[in-house]
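Colleague: Structure incoming, see below.
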Amino acid sequence: MKIFITGASGYIGGSVATVMRELGHEISGLARAEKRADQLRMVGITPVLGSLDDRSVLAEAAINADAVINCADSDHRGAVEAMLKAMEDTDKPFLHTSGTSIVGYPDQGEASDRIFDEEMPFTPSPGRIERVSINEEVVKAANRGIRTVVLCPSLIYGEGLGISKDSMQVPWLLTVARKFGTARHIGSGENIWSNVHIQDLTDLYCLALKEAPSGSFYFAENGENSMREVCESINTMMGVHFPPLSMTIDEASVEWGESPANHTMGSNSRVRARRARLELGWDPKAVPLIDEIKFGCYSRD
């Protein structure tokens, strides 16, 4: 199968591209610059020069492919619309990557008992209304002759399988921990995120490409931890023998930016991937997040 992947040089897209290529698929990937194109060539991926704003480039790549996997930007409506338009009435698969921050609220590091599966309605925070709208547009495009699937991973951890090796949240926490000599969380750090290992996530993409019904939506998770627990495991890995320290939203915004501080690092994002397990037989088996931090890939840095 010929598969076009946006974000093929990134963490998620690069990992998905690597696994798909190992399964024998012919992979092409979007590259914004010649340097990225060279990196893709080196790992056996055919580069397509252009950006998410190049609608004609995206449309042509989607037409020439047997399937499209969008891993580049969950919030770029123009790119999604361009590829969906080109794929109308083809019955080709279109897999779109979202993220479980869509169910989160700016909780300033405090706990929440809100837990969602794919069947439960929710009201997105103002900062995630557009992302949810794009997800809905992808799902509805199943009525236009496209086998659309939205994959919504939680906090992703583990070493990337492609060009980019690092995810977001844990490396961000590590950077702060090294800067201050101890891990730091927002508020009490009791806010909870579900999480999923990158290898288990790529398995889900493979299953979705092969078997997911059109118009599907799947969460991806295999456990959950509070940010305080993640920070404690970082201190253990670093050999720090005192508890993590708290910081305010304003302090966190200096380190990560205002939106990431509120909608990612200080929020709760608790989901259950029931549909992926029931419909696709997804069976995540990777090492838990806390063990991965203490003994896994992050100790290489």
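Colleague: Need the C-alpha centroid separation for the range 226-268 versus the range 48-114, integer Å.
Modeller: Taking the Cα centre of each part, the range 226-268 and the range 48-114 sit 29 Å apart.
Colleague: Distance check, please: which entries in LYS35/LYS140; LYS165/LYS210; LYS140/LYS294; LYS140/LYS210; LYS35/LYS285; LYS2/LYS285 exceed 31 angstrom between their Cα atoms?
Modeller: Too far apart for the 31 Å limit: LYS35/LYS140; LYS140/LYS294; LYS35/LYS285.
Colleague: Considering the convex hull of the alpha carbon atoms of the range 230-301, report its projected area averaged over all viewing directions, in nm², one decimal.
Modeller: With every direction weighted equally, the projected area is 6.7 nm².
Colleague: Over the chain, what percent of the accessible surface lies on carbon and sulfur atoms, probe 1.4 Å?
Modeller: With neighbouring chains kept in place, the figure for the chain is 50 percent.
Colleague: If the range 151-301 were replaced by its equivalent ellipsoid, with semi-axes equal to the square roots of 5 times the Cα gyration tensor eigenvalues, what would those be, largest first, whole Å?
Modeller: Working through the eigenvalues yields semi-axes of 29, 17, 13 Å.
Colleague: Is there a quick way to get the dipole size of the range 192-299? I mean about its Cα centre, with the Cβ of Lys and Arg at +1 and of Asp and Glu at -1; what is the value in debye to the nearest 20?
Modeller: In debye, rounded to 20, the range 192-299 gives about 400.
Colleague: Also, I was wondering about something else. With springs only between Cα atoms under 10 Å apart, run a GNM on the chain and tell me which of GLY181, GLY29, GLY162 wobbles the most.
Modeller: Taking springs between Cα atoms under 10 Å, the residue moving most is GLY181.
Colleague: Continuing with the same structure: Quick one: the Cα spread of the range 76-226 along its three principal axes, in angstroms, biggest first?
Modeller: 55, 35, 27
Colleague: I would also like to ask the following. Per residue, how large is the accessible surface of the chain? Use a 1.4 angstrom probe and give square angstrom.
Modeller: Normalised by residue count, the accessible surface of the chain is 42 Å².
Colleague: Moving on. Picking from PRO284, ALA141, PRO93, whose Cα lies most toward the positive end of the charge dipole for the chain (charges on Cβ: Lys, Arg +1; Asp, Glu -1)?
Modeller: Looking along the dipole axis, the top candidate is PRO93.
Colleague: Could you report the accessible area of SER164 in Å², rounded to 10, computed with a 1.4 Å probe on the protein chains as they sit in the structure?
Modeller: Approximately 30 Å² of SER164 is accessible to the 1.4 Å probe.
Colleague: Straight-line reach from LYS179: which aspartates and glutamates have Cα under 20 Å away, leaving out those fewer than 8 places along the same chain?
Modeller: Qualifying aspartates and glutamates at Cα under 20 Å: ASP166, GLU229, GLU232, ASP250, GLU251, GLU255, GLU258, ASP301.
Colleague: According to the Kirkwood expression over distinct Cα-Cα pairs, how big is the hydrodynamic radius of the range 1-84, in Å?
Modeller: For the range 1-84, inverting the mean 1/r across all distinct Cα pairs yields 12.3 Å.
Colleague: Assigning unit charges at the beta carbon (Lys, Arg +1; Asp, Glu -1) and nothing else, what dipole magnitude in debye, to the nearest 20, does the range 1-115 show about its Cα centre?
Modeller: The calculated dipole for the range 1-115 is roughly 340 debye.
Colleague: Can I ask one more? Taking amide H positions as placed 1.01 Å from N in the peptide plane, with prolines and chain starts having none, which residues 5 or more places from LEU49, or on another chain, fall under 5 Å of its amide H?
Modeller: Residues meeting the amide H criterion: ALA31.
Colleague: Report, in degrees rounded to the nearest 10, the 0 to 90 angle that the Cα long axis of helix 227-238 makes with the longest principal axis of the chain.
Modeller: Helix 227-238 sits roughly 80 degrees off the main axis of the chain.
Colleague: Per DSSP H run of n ≥ 4, the term is -39500 (n - 2.57); total these for the chain, divide by its residue number, and report the mean residue ellipticity at 222 nm rounded to 500 deg cm²/dmol.
Modeller: Calculated from helices alone, the mean residue ellipticity at 222 nm is -11000 deg cm²/dmol.
Colleague: Tilt of helix 11-22 relative to the longest C-alpha principal axis of the chain, in degrees (0 to 90, nearest 10)?
Modeller: For helix 11-22, the angle is close to 50 degrees.
The values are calculated or read from the model by the stated rules, or taken from the named source; none is laboratory data. Fair warning: this is a prediction, and the values are worked out from it, not measured in the lab. A quick note on method: Cβ atoms are made from the backbone with ideal geometry, for glycine too, and the neighbour counts reach across all protein chains shown. Just the protein is used for accessible areas: all its heavy atoms, side chains included, with ligands, DNA and RNA removed. Shrake-Rupley method; radii C 1.70, N 1.55, O 1.52, S 1.80 Å.
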